[in-house]
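To start, the structure itself, in structure tokens.
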Amino acid sequence: MTSTSAQHLSDVLAACNTNQDRDLSDLFTLLSQPSISTQNIGVRECAGLVKGMLEQAGLATRLIESSGHPFVYGDYPAPSGAPTILFYGHYDVQPPDPLEAWVSPPFEPTIRNGRIYARGVGDNKGQFFAHIAALRAWHETTGGFPVGVKFLAEGEEECGSPHIEEFVKANVGLLDCDLVYTADGPMLDDDAPTIAYGVRGMVYVELRATGASNDLHSGNWGGLVPNPAWTLTHLLATMFSPEGEILIDGFHDDIIPVSPAGKAAMNRLKLDQQATLASVGVQKLPAPESASYFSRTIERPTCNIAGFTSGYDGVGSKTIIPAEAVVKMDFRLVPDQDPDDILRKIEAHVRTHARDVEIIPMGGMRPSSTPLENRFVPVVRAAVQAGFGADPVEIPIAGGSLPDAVWTKDLGRPSFLVPYANRDEANHSPNENLVLENFYAGIRTSAILLARLATSVE
């Protein structure tokens, strides 16, 4: 880093420190505005707030309409020879229910014991606003940025990002950049920051079996009419073995092995497995015994029953043969499985083993990965280490699913997921929270990243 760059960064970090009260106040304003996308509550109003904050940070901004909620876009042109970074976030939040479980009202941000409590503070307003605060510090201190900056905030992530793929494909030129950077989700370990270089994809389906036209007496009709609960039970047994293996034909065909660098990163991951399992009331991993904890979340796809509904589940007994059974399933995918291809294979399997069962697709996401050999990996790693003051934990593929493939596949750019939220942020739950110091560390990290990117080409 040149002496000029170092001085600029020093001044910017001093501004970040000076601005803490203002940054917190502005975050509280953002958190106080409900933006529940699934219920269409306050979303457009929140988009307007984000737009104004980006303008204040020095970006040229606009709202871009979609078939759903609007995208908020901002940009600043790159100085000659400098790279361009695209920051991504989402301004919509989950519904706050159950309200009675909140210690303080979900849209009245409150600080308790060094944590900010509010709906959306971790997922994702507090995290993406850290980027805006860092940009504002740069702009007010130096009059601009050392690199090109683009910023995209969407308002539909909490309902599956149904329009972002269409939007990115239609705006490749507008969004073109050198790398994409997202702060979302919780850290793996509160003692160290986290960098994830990819996410698993997903396919979600509903399987529906029917029998008689209505529930029937199990004595009078037992053995005479089919039981749809058994139909689904037998079908499910053909899809997933007791040994923990997915049995759907061709399901594993397109899996790409983790690279040597990814494997090395996976082997460096540390976790108190027994304590982690015990924290959710489990004593050991399910079959297969040979698969390690992180191999399961990084290398292996899953076949999960998310819900199974049939017949009577009230108090006491009721002797019936149910008329209907429904199971909901999610399949987590690893690179380079394609959700559309996997859905076709699931449909073919169901037709073969239970032709009368109806299969209802309920959405999917593509897996995504950025090679750990990418030239920006050391830059991001150094920024995160400096911002949080600790070496980051690096995860080749995160277990959850995000619309990250729009960056790596549609835009063709490396993507880095760096959570600023604490492990127990309680996103999607009552009393969602963000450790206050994590918020400030996130601002520092985003500010440092711009300087590191600028000097990466010097």
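The values are calculated or read from the model by the stated rules, or taken from the named source; none is laboratory data. What you see is a predicted model; the values in this text were computed from it and never measured. Cβ atoms come from the backbone with ideal geometry, glycine included; neighbour counts cover every protein chain shown.
Some observations on this one:
- Candidates Pro371, Pro322 - the one that is surrounded by fewer than 20 Cβ atoms within 10 Å (Cβ to Cβ) and of a type outside the set (Val, Ile, Thr): Pro371
- Within this structure, Val357 passes the test of being surrounded by 13 or more Cβ atoms within 10 Å (Cβ to Cβ), of a type in the set (A, V, I, L, M, F, W, C) and over 30 Å from Glu437 (Cα atoms).
- Flag for Leu285 being surrounded by 14 or more Cβ atoms within 10 Å (Cβ to Cβ), in a helix (DSSP H, G or I) and free of Cβ contacts under 8 Å to residues at least 60 places away in the same chain: no
- Some residue of segment 300-317 being basic (Lys, Arg), part of a loop (DSSP other than H, G, I, E, B) and under 21 Å from the mean Cα position of the chain (by Cα): yes
- The set of residues in segment 1-54 that are modelled with pLDDT under 95, among the hydroxyl-bearing types (Ser, Thr, Tyr) and under 13 Å from Trp138 (Cα atoms) contains only Ser5.
- When the criteria are applied in full, Pro301 fails the requirement of being out of contact with any strand residue (DSSP E or B) (no Cβ under 8 Å at 6 or more places or on another chain) and surrounded by 10 or more Cβ atoms within 10 Å (Cβ to Cβ).
- Asp23 vs. criteria crowded, with 20+ Cβ neighbours inside 10 Å, touching a residue at least 24 places away in the same chain (Cβ under 8 Å) and not small (Gly, Ala, Ser): yes
- In segment 219-245, the residues that are under 27 Å from Gly201 (Cα atoms) and in contact (Cβ under 8 Å) with a residue 60 or more places away in the chain: Leu232, His234, Leu235, Leu236, Thr238, Met239, Phe240
- Subset of segment 189-211 (residues that are in contact with a strand residue (DSSP E or B) (Cβ under 7 Å, 6 or more places away or on another chain), surrounded by fewer than 24 Cβ atoms within 10 Å (Cβ to Cβ) and part of a loop (DSSP other than H, G, I, E, B)): Gly211
- Here the condition is being among the charged types (D, E, K, R), surrounded by fewer than 19 Cβ atoms within 10 Å (Cβ to Cβ), more than 15 Å from Phe129 (Cβ to Cβ) and in the same structural domain as Phe151 (by TED's automatic domain parsing); of Glu437, Glu394, it holds for Glu437 alone.
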